[in-house]
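Okay, so here's the structure we're looking at.
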Amino acid sequence: MTNQGTNLDPWYSHYADRTAGLAASEVRALFAVASRPEVVSLAGGMPFVSALPQDLIAGAFERTMRDFGPMALQYGSGQGMPALREHILDVMALEGIRGSVDDVVVTTGSQHALELVTKLFINPGDVVIAEAPSYVTALTVFKSYQATVSHVVIDEFGLVPEALEERILALKAEGRTIKFLYTVPTFGNPSGVTMSWERRVRVLEICRAHGILVLEDNPYGLLYFDQPAPHAMRSVEEDGVIYLGTFSKTLAPGFRLGWALAPHAIREKLILANEAAVLSPSSFTQGLVSEYLSAADWRGQIDTFRGVYRERRDAMLTALDDYLPDLSWTNPNGGFYVWVTLPENLDSKSMLPRAVKELVAYTPGTAFFADGSGRTALRLSFCYPTPEFIREGIRRLSTVVNGELELLSTFSQTGPLETVRPTEKIISPPANLG
Ligand SMILES: Cc1ncc(COP(=O)(O)O)c(C=O)c1O
């Protein structure tokens, strides 16, 4: 019998197999709830664009129309505007990268570059090795091209080289085809962890020895708080690394401008794939960002962002110390995220509805693993709420965590679940910021 679809979606049976991975992520489902003003959202990764003076953008807007004229309103090249690609070289030089303007491909955000690279390399069943935990929407892309994601552990210094090598050998012994290693080595999303310089060099050696391409995704590298991060992996290795950058975190995500710096041969295919997908990235926003980078003090603006996020990181770490001293968490030196580990018996996913009831949102750890692990962890973002809201959010989170722990200890003292009724104290009314 042919599948006739469902009441909800008459076309259910028509979808391609690759769409099986396109379930709404925890992050996505959360956005609807977390955007309510009374909720302190520590869930999303929205940059604090209000720290960007509007007149800087308005000026660039006017100059775009004056200097680029109709060109800004026209289709452009599939590789992106040469003027912008020149600026991109200056941006990457801050992280030790030297490249040719010919090898930069401008994309519609780095998310689109992730999609294009995956499209170019992945056949169904190919393996992507990814650090655990990994950026959730990269996992969605890998799944949508039917890749098998094989996770490798990280510690406080990033990806563990011995574990990587072991995994490569095991996968090869199984006859699997490994296409690339995906890593966010600097101020990782979601971990906040930065791969040390020694590890970068070692990981590159391992990948080179085994003929594995590295996909280095680096949206946060320039947003350091105390000391600059180690130089990008791409600064060491040209031929084996595809590097992804973006203006989303150092300028604004609304422009939807990112880029890939790829080895020469791959670059050619990327341009073709870009053209097939979007013809050309937006000429208008490329012109505007070029103007901004030509005339504005963009390095100073990145310093401003650094100051804002440093203060918020400090607020989050202090609040965690004050309200949840028994938990453990990472200590990011840049970026947007803190990764929190809960006591063994707590489950961040099942705790989430209670958190939302207490008017605080976070992202459960399970979102960042392809295999459903990560239940005892959660990601907190400090990029968007003010320090005061961050503190209040952590206070609310402590109510939730302590409530869960109390509940568990009540159950463990009183026997089977059904004999216990939740008390007033456990299901308390939502806290109010006031
Ligand atoms: C690690 C990582 N890669 C890629 C992206 C996509 O960024 P965009 O498409 O805005 O450049 C994000 C966004 O949060 C990210 O955190």
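The values are calculated or read from the model by the stated rules, or taken from the named source; none is laboratory data. Nothing here was measured: the structure is a model prediction, and the numbers come from that model. Note that each Cβ is placed from the backbone with ideal geometry, even for glycine, and that neighbours are counted across all protein chains shown.
When each of MET81, MET92 is tested for being surrounded by 21 or more Cβ atoms within 10 Å (Cβ to Cβ) and either more than 16 Å from the ligand (Cβ to nearest atom) or more than 13 Å from GLY245 (Cα to Cα) (or both), the lone residue that passes is MET81.
Filtering region 273-314 to residues that are farther than 17 Å from ILE57 by Cβ and surrounded by fewer than 14 Cβ atoms within 10 Å (Cβ to Cβ) leaves GLU275, ALA276, LEU279, ASP303, GLY307.
Within region 141-159, is even one residue within 11 Å of the ligand (Cβ to nearest atom) and either within 18 Å of GLU216 (Cβ to Cβ) or touching a Pro at 6+ places or on another chain (Cβ under 8 Å) (or both)? Write out each step before concluding.
Applying the first criterion (within 11 Å of the ligand (Cβ to nearest atom)) to region 141-159 yields 141.
Okay, now just the ones that are also either within 18 Å of GLU216 (Cβ to Cβ) or touching a Pro at 6+ places or on another chain (Cβ under 8 Å) (or both), so 141.
Within region 141-159, one or more residues are within 11 Å of the ligand (Cβ to nearest atom) and either within 18 Å of GLU216 (Cβ to Cβ) or touching a Pro at 6+ places or on another chain (Cβ under 8 Å) (or both).
Restricting attention to region 344-402, which residues are of a type in the set (Val, Ile, Thr) and not in a loop (DSSP other than H, G, I, E, B)? Of everything in region 344-402, those that are of a type in the set (Val, Ile, Thr) and not in a loop (DSSP other than H, G, I, E, B) turn out to be VAL356, VAL360, THR363, THR366, ILE390, ILE394, THR399, VAL400, VAL401. In a helix (DSSP H, G or I) and in contact with a Pro (Cβ under 7 Å, 6 or more places away or on another chain): does that describe ILE206? Yes, satisfied.
Residues in region 181-203 that are within 11 Å of the ligand (Cβ to nearest atom) and not in a loop (DSSP other than H, G, I, E, B) were compared, and the one that is nearest to PRO332 (Cα to Cα) is THR183.
I'm trying to understand the selection: among the residues of region 97-126, which are in a loop (DSSP other than H, G, I, E, B) and either surrounded by 24 or more Cβ atoms within 10 Å (Cβ to Cβ) or more than 12 Å from the ligand (Cβ to nearest atom) (or both)? Lay out the reasoning, then the answer.
In the first step, residues of region 97-126 are kept if they are in a loop (DSSP other than H, G, I, E, B); the result is 97-100, 108, 122-126.
Of everything in region 97-126, those that are in a loop (DSSP other than H, G, I, E, B) and either surrounded by 24 or more Cβ atoms within 10 Å (Cβ to Cβ) or more than 12 Å from the ligand (Cβ to nearest atom) (or both) turn out to be ILE97, ARG98, GLY99, SER100, ILE122, ASN123, PRO124, GLY125, ASP126.
State whether one or more residues within region 335-352 are on the phi > 0 side of the Ramachandran plot, of a type in the set (Gly, Ala, Ser) and crowded, with 21+ Cβ neighbours inside 10 Å. Within region 335-352, one or more residues are on the phi > 0 side of the Ramachandran plot, of a type in the set (Gly, Ala, Ser) and crowded, with 21+ Cβ neighbours inside 10 Å. In the set (1) away from the ligand (no atom under 16 Å from the Cβ); (2) at pLDDT 95 or above, PRO70 fails one condition alone, (2).
Residue count for region 133-155 satisfying the condition of being surrounded by 21 or more Cβ atoms within 10 Å (Cβ to Cβ), small (Gly, Ala, Ser) and outside any loop (DSSP other than H, G, I, E, B): 1.
Is it the case that region 171-180 has a residue that's touching a residue at least 12 places away in the same chain (Cβ under 8 Å), aromatic (Phe, Trp, Tyr) and within 16 Å of the ligand (Cβ to nearest atom)? Yes, because at least one residue in region 171-180 is touching a residue at least 12 places away in the same chain (Cβ under 8 Å), aromatic (Phe, Trp, Tyr) and within 16 Å of the ligand (Cβ to nearest atom).
From the set of residues in region 56-67 that are free of Cβ contacts under 8 Å to residues at least 60 places away in the same chain and of a type in the set (A, V, I, L, M), which is farthest from the ligand (Cβ to nearest atom)?
Applying the first criterion (free of Cβ contacts under 8 Å to residues at least 60 places away in the same chain) to region 56-67 yields 58, 62, 65-66.
Filter once more, so that each one left must be of a type in the set (A, V, I, L, M): 58, 65.
On the way: ALA58: 22, MET65: 25 Å.
Step by step, filter region 56-67, then rank; the result is MET65.
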